[in-house]
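Everything on this sheet refers to the single structure shown next.
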Amino acid sequence: MASGIRSVTERSGEGVGKPILDVDNGEELMLVQLDVSIFLGSSSRPPESPGTLYITTRQVVWLSDSDMAKGYAVAFLSVSLHAVSTDPDAYPSPCIYAQIENGAEEDESEDSDSESDDTMNLSKITEMRLVPSDPKQLDTIFAMFCECAELNPDPTEEEDGEYDWITSADQLEDDDSEGDADPNPAHPIGAKADLDLAHSVVQLQINDQRFEDADEMEQDGKNGDN
């Protein structure tokens, strides 16, 4: 379920610290990018002062360099769209733009007129922009964004899958070894089509032979009458 953006107030390590990862469940740090500002929401509030961006195999984390108790994180499962934005009409600085699913209905999501610039309800935020001080880093950030997003497919899409594809010969052997197998077992693409075609060709040949025999008998009968 989409959880949206959440606040991060705890860090690990010394100095400015690092995000706390769920290493027991395999979460790994993939990219660290310094001097990145974050802009949350679609209102006119200014971006946060520069901080450090962390991209892991599970989430995107931004930690402030000036306020050790300020940070934000969003799981990739809550990111519905991400792209590189260089259009000054959309945002004055080149950035990574992301749309966030927060689990709320549209009318419950962020209303730019309902909050002041100093107050922000994270549960209603649906947009995030990551603005590196060096625009040349955008491609690197975006590439890692894409790579880690692919590691977190939408579980609802997997549940909706309708086909049980066969990808190896071992699966075929397993299907054949089951005693109560389906009378129409799974097969490689085209296998059943080849069998049906062969059967049709044999049947056609048999029918052709029958027609030829019938024609000969009919011709012999006419000759006998003459």
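The values are calculated or read from the model by the stated rules, or taken from the named source; none is laboratory data. Keep in mind the model is a prediction, meaning the values are calculated, not measured. Methodologically, a virtual Cβ is constructed for each residue, glycine included, from the backbone with ideal geometry; neighbour enumeration extends over all protein chains shown. With ligands, DNA and RNA removed, areas are computed over all heavy atoms of the protein, side chains included. Shrake-Rupley method; radii C 1.70, N 1.55, O 1.52, S 1.80 Å.
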Report summary line: Here the residues within the stretch 49-60 that are outside any strand (DSSP E or B) and surrounded by fewer than 20 Cβ atoms within 10 Å (Cβ to Cβ) are Ser49, Pro50, Thr57
Query - Filtered residue count, the stretch 76-100, keeping only those that are in contact with a Leu (Cβ under 7 Å, 6 or more places away or on another chain) and assigned to a strand (DSSP E or B) - result: 5
**Report entry** Among residues of the stretch 125-159, those that are assigned to a helix (DSSP H, G or I) and modelled with pLDDT of 90 or more, counted
**Finding:** 16
Report summary line: Listed by first then second residue, the pairs whose first member lies in the stretch 80-92 and is farther than 22 Å from Gly103 by Cβ and open to solvent by 60 Å² or more (accessible area, probe 1.4 Å), whose partner is at pLDDT 95 or above and in a loop (DSSP other than H, G, I, E, B), with beta carbons under 6 Å and at least 6 positions apart or on separate chains, are Thr86/Pro94
Query raised in the report: Scanning the stretch 74-107 for residues that are in contact with a Gly (Cβ under 7 Å, 6 or more places away or on another chain) and farther than 14 Å from Val60 by Cβ, which turns out modelled with the lowest pLDDT?
Result: Gly103
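Looking at this structure, is Glu27 in a loop (DSSP other than H, G, I, E, B), among the acidic types (Asp, Glu) and within 27 Å of Lys124 (Cα to Cα)?
yes
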Report task. Among residues belonging to the stretch 7-24 that are out of contact with any Pro (no Cβ under 8 Å at 6 or more places or on another chain) and crowded, with 17+ Cβ neighbours inside 10 Å, point out the one that is farthest from Arg58 (Cα to Cα). Result -> Pro19
Query raised in the report: Restricting the first residue to the stretch 25-38 and requiring it to be under 18 Å from Arg58 (Cβ atoms) and modelled with pLDDT of 95 or more, which pairs with a second residue that is open to solvent by 70 Å² or more (accessible area, probe 1.4 Å) and not aliphatic (A, V, I, L, M) meet a Cβ separation below 6 Å and a spacing of at least six or different chains?
Result: Glu27/Arg58
Requested in this report: Tell me which residues, restricted to the stretch 30-48, are of a type outside the set (Ser, Thr, Tyr) and part of a strand (DSSP E or B).
Outcome: Met30, Leu31, Val32, Gln33, Leu34, Asp35, Val36, Ile38, Phe39, Leu40
